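**Student:** Quick one: the structure is below, and I'll ask about it shortly.
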Amino acid sequence: MGGRWGAYARRGRVVAMLLALVFVLAACDFRVLSPARWGCGTHSYVVNPTRAPKGAVATVHEAFRQLNLASAPTVQWRYAGTTTADGARSGLVVVTWRPQNEVPGIMAPGAYGVGAPQPWPNNTKWTGGVVIIDPRYPVKLDVMLHEVGHVAGLGHVRDRNEVMYPLPTGKSHYMPGDLSGLRALALECK
Ligand SMILES: [Zn+2]
């Protein structure tokens, strides 16, 4: 959300197969960050709770629960405990809380957070990821879902009914376009 990670358009292959239904599928569209994909199998996420506002860690687990439902059975992320890491790692998804002014190179001013798969940029295979949330804002599940969606490989969409819309949506669940994208990414695991 508001990060610098580039995104380019890529319609789901379902759209190509069902052009006649494009008016329906337009609402179920998604974008991916790059041609890279996660490895097939189970990956680990860790949480640095040092500066997490009250209730924020629970949104991490809920976001990964929903991500795992959408990505099953080919790609999964399992909680591997807390960490003192404060930034991106390969081989691990790190979730942490830092104010935007500490990470101006990756989080845009005014952004609630940032999320991206790692290594970045990498057009082959992702092995980790990072989510940094600005702890000065109220705890928002939609923001965590959005940033974790970036970690999975989703980019922004123009449909404000999708979690991957660039501004907070207030959604408590991934929406049809988000789910289509997560499913496609998982099915294309490497
Ligand atoms: Zn975003």
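**Student:** For q = 0.19 Å⁻¹, what log10 I(q)/I(0) does the chain give under the Debye formula with an equal point scatterer on each alpha carbon and no solvent?
**Tutor:** The Cα Debye sum returns log10 ratios of -1.32.
**Student:** Given the rule -39500 (n - 2.57) for each run of at least 4 DSSP H residues, summed and divided by the residues of the chain, what is its mean residue ellipticity at 222 nm, to the nearest 500 deg cm²/dmol? List each step's numbers first, then the result.
**Tutor:** On the way: 5 runs with 49 residues, N = 190.
Per the formula, -7500 deg cm²/dmol.
**Student:** Among 48-59, 31-42, 128-139, 85-96, what's the highest-first ranking by average C-beta atoms within 10 angstrom per residue?
**Tutor:** Order by mean packing, descending: 128-139, 85-96, 31-42, 48-59.
**Student:** Can I ask one more? Relative contact order of the range 31-187, please, whole-number percent, based on alpha carbon pairs below 8 angstrom and at least 6 residues apart.
**Tutor:** Values: 340 pairs, mean separation 44.9, N = 157.
29 percent.
**Student:** Could I ask something else about it? Report ³J(HN,Hα) in whole Hz for each residue of the range 151-160, in order, from the Karplus equation J = 6.51 cos²θ - 1.76 cosθ + 1.60 where θ = phi - 60°; Gly and Pro get x.
**Tutor:** 4, 5, x, 7, x, 7, 10, 8, 7, 6
**Student:** Enumerate the aspartates and glutamates that LYS125 could reach by cross-link, defined here as Cα to Cα under 13 Å, with residues fewer than 8 away along the same chain left out.
**Tutor:** GLU188
**Student:** How large is ³J(HN,Hα), in whole Hz, for each residue of the range 52-63 in order, when computed from phi with the Karplus curve 6.51 cos²θ - 1.76 cosθ + 1.60 and θ = phi - 60°, using x for Gly and Pro?
**Tutor:** Coupling constants for the range 52-63: 6, x, 4, x, 6, 4, 4, 5, 5, 5, 5, 5 Hz.
**Student:** Quick check on packing: order 145-153, 63-71 by the mean number of other C-beta atoms within 10 Å, highest mean leading. Please report the intermediate quantities before stating the final value.
**Tutor:** Numbers: 145-153: 27.2, 63-71: 20.1.
Listed from highest to lowest mean packing, they are 145-153, 63-71.
**Student:** Could you calculate the contour length gain from HIS61 to ARG136, that is, 0.36 nm times the residue separation minus the distance between their Cα atoms, to one decimal place in nm?
**Tutor:** On the way: separation 75, 0.36 × 75 = 27.00 nm, distance 2.02 nm.
Once the chain is fully extended between HIS61 and ARG136, it gains 25.0 nm.
**Student:** ARG78 to ALA108: extension gain in nm, 0.36 nm per residue of separation minus the Cα-Cα distance? List each step's numbers first, then the result.
**Tutor:** Details: separation 30, 0.36 × 30 = 10.80 nm, distance 2.87 nm.
Separation in residues times 0.36 nm, less the Cα-Cα distance, equals 7.9 nm.
**Student:** Using Cβ counts within 10 Å as a stand-in for footprinting exposure, how do ASP159, ASP178 rank, fewest first? Display every interim value, and only then the final one.
**Tutor:** Numbers: ASP159 19, ASP178 28.
Fewest to most other Cβ atoms nearby, the residues stand as ASP159, ASP178.
**Student:** Turning to a different aspect of this structure: Suppose we keep just the DSSP beta bridges with both residues in the chain; what percent of those would be antiparallel, to 5? Don't jump to the answer; show the numbers that get you there.
**Tutor:** Details: 9 of 25 bridges.
The antiparallel proportion sits near 35 percent.
**Student:** What lysines sit close enough to LYS171 to cross-link, taking a C-alpha to C-alpha distance under 25 Å and skipping anything fewer than 8 places away on the same chain?
**Tutor:** LYS54, LYS140
**Student:** Can you compute the modelled spin-label distance between ASP86 and LYS54, with each label point 7 Å from Cα toward Cβ, in nm?
**Tutor:** For the pair ASP86/LYS54, the computed spacing is 2.5 nm.
Read-outs: derived from the displayed coordinates by stated rules, not from any lab. Here the structure is a predicted model, which is why all the values come from computation and not from measurement. We place every Cβ from the backbone using ideal geometry, glycine too, and count neighbours over all the protein chains shown.
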